[in-house]
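S.K.: Here's a structure for you.
The values are calculated or read from the model by the stated rules, or taken from the named source; none is laboratory data. Computed from a predicted structure; not experimentally measured. Counting neighbours? That spans all protein chains shown, and the Cβs are built from the backbone with ideal geometry, glycine included. For accessibility, only protein heavy atoms count, side chains too; no ligands or nucleic acids. Shrake-Rupley method; radii C 1.70, N 1.55, O 1.52, S 1.80 Å.
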Amino acid sequence: MASASNTPETPNAQAAGSSAPDGEPLLAVHGLTKLFPVGGGPFRKPSSFIHAVDDVTFRLGHGESLGLVGESGCGKTTVGKLLVKLLEPTGGEILFRFAGDSAGAATEAPWDSAAISGRLLRSCGRRVQMIFQDPYASMNPRRTIYDIISEPLSVQGMGDVQYRVDRVLEILTLVGLTPAGGFLFRHPHELSGGQRQRVAIARALVIRPSFVVADEPTSMLDVSSRTGVMSLMQDLATELGVAYLYVTHDLAVARYMCHRIAVMYSGKVVELAETEELLRNPLHPYTKALLSAVPVPDPGHRRQLPDIRGDLGTPIDPPSRCRFHERCPAATEHCLDHPHPPMEEKTPGHLVACYEV
Amino acid sequence: MTDRSDSLLKVDGLSLSYQTRQGELQAVRDVSFELARGSALGLVGESGCGKTTVANCLMRLLPDNARISAGRVLLDGQDVLLLTEEEMRLRRWRRISMVFQAAMNVLDPVYRVGQQIIEAIETHGVESTDIGARERVARLFRMVGLDPQLMERYPHEFSGGMRQRAVIAMALSCDPDLMIADEPTTALDVIVQDRILRELKAIQQPLGMSIIYISHDIAVVAEVTDVVGVMYAGRLVEMGDTADVFRAPAHPYTAALVSSFPSVSGERRPLTSLPGEPPNLSDLPPGCPFHPRCAYATDVCRTEYPPRAASGSRWAACWHPLDATLVPQS
């Protein structure tokens, strides 16, 4: 197909390499924890807590794309919301280190997003944005595309009206909604799902953030528009130097979008590795089960049976042993008596939390 | 009536339109296919291509503004479209059942899950006694991997995967000849999806049941069906054995769908995206409706709808099929 040329490129290995331990990463998350109370009331202490995110640690380089995958209820969206401060963490650190902006004003102060508030938060909000899953629910239907995309600019007090119009036109062109002028005063209901998600991307990128949390941005789209949105996000990442935390349940999509993938289970990151390494050589029993459950669009392909029992439960005050213990085909006595295994580096860059690996 | 062989369902030239304020919307155009007893057929396509409308038409669950303008739907030689509402009511669940995409909307929140299935069984007189019906539900629950004790629970106590399995148990409750599954696993996680697809496959063969899978997910359809039909803008554009169609697509639209689908296994081949948007059904381009997005389009594609090019049971509606063994039919 000659005209169908929007091909998502292989994520560039150099971008992934920029997170090398010697260079300062864009984002360092350490021991991030979020507990949701259960059964409390105005005058009553909560009886227990859901451990939605429990001691999560990872780093993200400038321009890197990290996939956070897992089943629904594993806490992946909560991590995303904590990073953009839509939720307050219960514990842990989130440190951003932004490079100086193009004007040369060096703002290389680490930002602990867990502790920050007020005006400083807003100035840092310029660097961090989020793209939501549902392009039908994430936009005010009464506002025009111009209103929607220019809102981050006005919240940040950037430029006058002429400047904002120029920026909106520019970003509309970048996300492939052309002619841009024709979209300015339309409303979301006039656009298709794929076009709306392009507007959502434009809104997130119009202030040139350094970091974007993308929560399942393509899962509500049809196959043909999905590929277009995926390649658009990759092109813009390269062009604008944006780093993504790509939250998804779909390993096949993560394969095309991410340099590295972190697999979450029940509030814990259980495995983290470069994308192809993780897919070819999964170490954690949960990752193996997850991978073997993904259907493959090749009718001749025969998959292994996923060797896993039961369902993902809600982690309400879980025992301190390995979270995956009840469903694990490789569990031993050792797993039963010991606390949740720590993340260990088995091969360079490949971390896994399991005693039996 | 006469040519029964092992054909269970025959859809012949089905056309359907919705009356809307903007005028008439042709949602399904001249769709024909045949389904053998005990086999699984997949219908794939993007949203708005008419695949769910076809399913609703087989179940006769169409909204008031739908009008069937042509065609027949023969179930065991009998035209479903000519039945009275009462005759159809007796056949729903008993002969044809359906698994809907949104399982939470199917189960009534104020009744126990088991009770709802028992009601379906008793209404259709499959079991005459309450104990018999109960045992049947327990058996169905075990079949779909649910603990029979969960019969006494209410829908809100079920997780999404459990609800979907309960709905599948309900669809199987009256031993239907044909089950239509409309995106049965789209809202579910992969591990649960995998389990349900395996269960459906394992159940289908001993019961000799036919299944129509409707999905936009070609990976799922590739795994569970024998025959697949690809729909675009209300028409079937390609049909054949699932393995043949996905391995060597003949219609450029099928080829584009297949190559835009990411896979976790095998080589990491580049994905291609389809240019443009799916067409507006009330204002279709002349000729082949896919021509504005097609890389192979020529003048004839812009003016005339293509005839079928076929080889055996495999066919594609295209002037320039990608598989040269397909011969245009007059």
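S.K.: Go through the range A:177-207 and give me each residue that's part of a loop (DSSP other than H, G, I, E, B), modelled with pLDDT of 90 or more and out of contact with any Lys or Arg (no Cβ under 7 Å at 6 or more places or on another chain).
M.R.: Within the range A:177-207, A:F183, A:L184, A:F185, A:R186, A:H187 qualify.
S.K.: For the range A:249-265, does any single residue satisfy the condition of being assigned to a loop (DSSP other than H, G, I, E, B), touching a helix residue (DSSP H, G or I) at 6+ places or on another chain (Cβ under 7 Å) and over 30 Å from B:T242 (Cα atoms)?
M.R.: yes
S.K.: Need pairs with beta-carbon distance below 7 Å; first residue β-branched (V, I, T) and within the range A:294-311, second buried (at least 17 other Cβ atoms within 10 Å of the Cβ) and outside any loop (DSSP other than H, G, I, E, B); sequence gap 6+ or separate chains.
M.R.: Pairs that qualify, where the first residue is β-branched (V, I, T) and the partner is buried (at least 17 other Cβ atoms within 10 Å of the Cβ) and outside any loop (DSSP other than H, G, I, E, B), are A:V294/A:L251; A:V294/A:A252; A:V294/B:V190; A:V296/B:A219; A:I308/A:A289; A:I308/A:R327; A:I308/B:I191.
S.K.: I'd like to know if the range B:165-176 contains one or more residues that are hydroxyl-bearing (S, T, Y) and farther than 30 Å from B:E223 by Cβ.
M.R.: So the first thing to find is which residues in the range B:165-176 are hydroxyl-bearing (S, T, Y), and the list is B:173.
Next cut, farther than 30 Å from B:E223 by Cβ only: none.
Taking every residue of the range B:165-176 in turn, none turns out to be hydroxyl-bearing (S, T, Y) and farther than 30 Å from B:E223 by Cβ.
S.K.: Being among the small types (G, A, S) and within 25 Å of the chain's Cα centre (by Cα) is the requirement here; does B:A295 meet it? Give the steps one after another, and end with the answer.
M.R.: Values: among the small types (G, A, S): yes; within 25 Å of the chain's Cα centre (by Cα): no.
The answer is no for B:A295.
S.K.: Given the conditions (1) facing chain B (nearest Cβ under 8 Å); (2) at pLDDT 80 or above; (3) more than 18 Å from B:P262 (Cβ to Cβ); (4) touching a Gly at 6+ places or on another chain (Cβ under 8 Å), and given that A:V296 satisfies all but one, which numbered condition is not satisfied?
M.R.: For A:V296, the failing item is (3).
S.K.: B:R89: open to solvent by 40 Å² or more (accessible area, probe 1.4 Å) and at pLDDT 90 or above, yes or no? Break it down into steps so the answer makes sense when it comes.
M.R.: Working: open to solvent by 40 Å² or more (accessible area, probe 1.4 Å): yes; at pLDDT 90 or above: no.
Considered against the rule, which asks whether it is open to solvent by 40 Å² or more (accessible area, probe 1.4 Å) and at pLDDT 90 or above, B:R89 comes out as no.
Conditions (1) of a type outside the set (S, T, N, Q); (2) open to solvent by 30 Å² or more (accessible area, probe 1.4 Å), marked per residue:
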position: B:S128; (1), (2): no, yes
position: B:A138; (1), (2): yes, no
position: B:E157; (1), (2): yes, yes
position: B:V192; (1), (2): yes, no
position: B:L200; (1), (2): yes, no
position: B:V224; (1), (2): yes, no
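S.K.: Given the residues A:L305, A:L278, which is the only one that is within 14 Å of chain B (Cβ to nearest Cβ) and not in a loop (DSSP other than H, G, I, E, B)?
M.R.: Numbers: A:L305 fails: not in a loop (DSSP other than H, G, I, E, B).
Just one listed residue meets the conditions, A:L278.
S.K.: Quick check on this structure: which one of B:A187, B:A202 is touching a residue at least 60 places away in the same chain (Cβ under 8 Å), farther than 30 Å from B:P307 by Cα, of a type in the set (G, A, S) and out of contact with any Phe, Trp or Tyr (no Cβ under 9 Å at 6 or more places or on another chain)?
M.R.: Details: B:A202 fails: touching a residue at least 60 places away in the same chain (Cβ under 8 Å).
Every option except B:A187 fails the conditions.
S.K.: Within the range B:274-287, can you find the residues that are under 21 Å from the mean Cα position of the chain (by Cα) and facing chain A (nearest Cβ under 10 Å)?
M.R.: B:P278
S.K.: Further, regarding this structure: Only one of (1) facing another protein chain (nearest Cβ under 9 Å); (2) within 26 Å of B:K201 (Cβ to Cβ) is not met by B:S259, so which one is it?
M.R.: Among (1) facing another protein chain (nearest Cβ under 9 Å); (2) within 26 Å of B:K201 (Cβ to Cβ), B:S259 violates only (2).
S.K.: When you check B:E157 against the structure, is it within 23 Å of B:A36 (Cβ to Cβ) and within 14 Å of chain A (Cβ to nearest Cβ), yes or no?
M.R.: So B:E157 does not fit the description; no.
S.K.: Examine the range A:228-237 for a residue that is crowded, with 19+ Cβ neighbours inside 10 Å, outside any helix (DSSP H, G or I), modelled with pLDDT of 90 or more and out of contact with any strand residue (DSSP E or B) (no Cβ under 8 Å at 6 or more places or on another chain), and state whether such a residue exists. Break it down stepwise before answering.
M.R.: Taking the range A:228-237 first, the residues crowded, with 19+ Cβ neighbours inside 10 Å are A:228-234, A:236-237.
From what is left, the residues that are outside any helix (DSSP H, G or I) are none.
No, there is no match, as no residue in the range A:228-237 is crowded, with 19+ Cβ neighbours inside 10 Å, outside any helix (DSSP H, G or I), modelled with pLDDT of 90 or more and out of contact with any strand residue (DSSP E or B) (no Cβ under 8 Å at 6 or more places or on another chain).
S.K.: So B:A248 passes all but one of these: (1) surrounded by fewer than 24 Cβ atoms within 10 Å (Cβ to Cβ); (2) over 19 Å from B:G48 (Cβ atoms); (3) within 7 Å of chain A (Cβ to nearest Cβ); (4) touching a residue at least 12 places away in the same chain (Cβ under 8 Å). Which condition number does it fail?
M.R.: (3)
S.K.: Further, regarding this structure: Please go through the range A:1-58 and give me each residue that is under 26 Å from A:A353 (Cα atoms), hydroxyl-bearing (S, T, Y) and modelled with pLDDT under 50, ordered by number.
M.R.: A:S18, A:S19
S.K.: Still on this structure, please answer the following. Pairs only if they're at least six apart or on different chains, beta carbon under 7 angstrom, first in the range A:240-253 and in contact (Cβ under 8 Å) with a residue 24 or more places away in the chain, second outside any loop (DSSP other than H, G, I, E, B) and open to solvent by 40 Å² or more (accessible area, probe 1.4 Å); list them, first residue then second.
M.R.: Short answer, once both residue conditions are applied: A:V247/A:T77.
S.K.: Which one of the conditions (1) over 30 Å from A:L221 (Cα atoms); (2) away from chain A (no Cβ under 14 Å) does B:G145 fail to meet, given that it meets all the rest?
M.R.: Of the numbered conditions (1) over 30 Å from A:L221 (Cα atoms); (2) away from chain A (no Cβ under 14 Å), the odd one out for B:G145 is (2).
S.K.: What is the number of the single condition among (1) of a type outside the set (V, I, T); (2) buried (at least 20 other Cβ atoms within 10 Å of the Cβ); (3) more than 28 Å from A:L66 (Cβ to Cβ) that A:G159 does not meet?
M.R.: For A:G159, the failing item is (2).
S.K.: Any residue at all in the range B:163-179 that is of a type outside the set (S, T, N, Q), within 18 Å of B:A55 (Cβ to Cβ) and within 14 Å of chain A (Cβ to nearest Cβ)?
M.R.: no
S.K.: Keeping to the range A:204-223, report how many residues are within 7 Å of chain B (Cβ to nearest Cβ) and open to solvent by 10 Å² or more (accessible area, probe 1.4 Å).
M.R.: Within the range A:204-223, the first condition is being within 7 Å of chain B (Cβ to nearest Cβ), and the residues that meet it are A:222-223.
Going one step further and asking which of them are open to solvent by 10 Å² or more (accessible area, probe 1.4 Å), we end up with A:222.
Summing the residues that are within 7 Å of chain B (Cβ to nearest Cβ) and open to solvent by 10 Å² or more (accessible area, probe 1.4 Å) in the range A:204-223 gives 1.
S.K.: Turning to a different aspect of this structure: Would you mind stating whether A:L291 is out of contact with any strand residue (DSSP E or B) (no Cβ under 9 Å at 6 or more places or on another chain) and at pLDDT 90 or above?
M.R.: Details: out of contact with any strand residue (DSSP E or B) (no Cβ under 9 Å at 6 or more places or on another chain): yes; at pLDDT 90 or above: yes.
Yes; evaluated as a whole, the condition is true for this residue.
S.K.: Kindly state which strands (runs of 3 or more DSSP E) lie completely within the range A:73-176 and contain at least 1 residues that are at pLDDT 85 or above.
M.R.: A:91-97, A:128-131
S.K.: Oh, and also: Please go through the range A:305-356 and pick out each residue that is touching a strand residue (DSSP E or B) at 6+ places or on another chain (Cβ under 7 Å), open to solvent by 60 Å² or more (accessible area, probe 1.4 Å) and not hydroxyl-bearing (S, T, Y).
M.R.: Passing the criteria: A:I316, A:D317, A:R321, A:L336, A:H338, A:P339, A:M343, A:E344, A:E345, A:K346.
S.K.: While we're here: Before we move on, is B:G132 more than 21 Å from B:I180 (Cβ to Cβ) and either in a helix (DSSP H, G or I) or of a type in the set (F, W, Y) (or both)?
M.R.: Numbers: more than 21 Å from B:I180 (Cβ to Cβ): yes; either in a helix (DSSP H, G or I) or of a type in the set (F, W, Y) (or both): yes.
Yes: the conditions hold for B:G132.
S.K.: Are there strands (runs of 3 or more DSSP E) fully within the range B:1-101 with at least 3 residues that are farther than 27 Å from B:G208 by Cα and either of a type in the set (V, I, T) or over 18 Å from the mean Cα position of the chain (by Cα) (or both)? List them.
M.R.: Numbers: elements: B:7-20, B:23-36, B:40-44, B:66-75, B:96-99.
Hits in the range B:1-101: B:7-20, B:23-36, B:66-75.
Residues are listed down the side, and each one gets a yes or a no for (1) open to solvent by less than 10 Å² (accessible area, probe 1.4 Å); (2) more than 11 Å from chain A (Cβ to nearest Cβ); (3) acidic (D, E):
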residue: B:M231; (1), (2), (3): yes, yes, no
residue: B:G240; (1), (2), (3): yes, yes, no
residue: B:P252; (1), (2), (3): yes, no, no
residue: B:V264; (1), (2), (3): no, no, no
residue: B:R269; (1), (2), (3): no, no, no
residue: B:T272; (1), (2), (3): no, no, no
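S.K.: Still on this structure, please answer the following. A:G176 versus (1) buried (at least 22 other Cβ atoms within 10 Å of the Cβ); (2) within 30 Å of B:I218 (Cα to Cα): which is the lone unmet condition?
M.R.: For A:G176, the failing item is (1).
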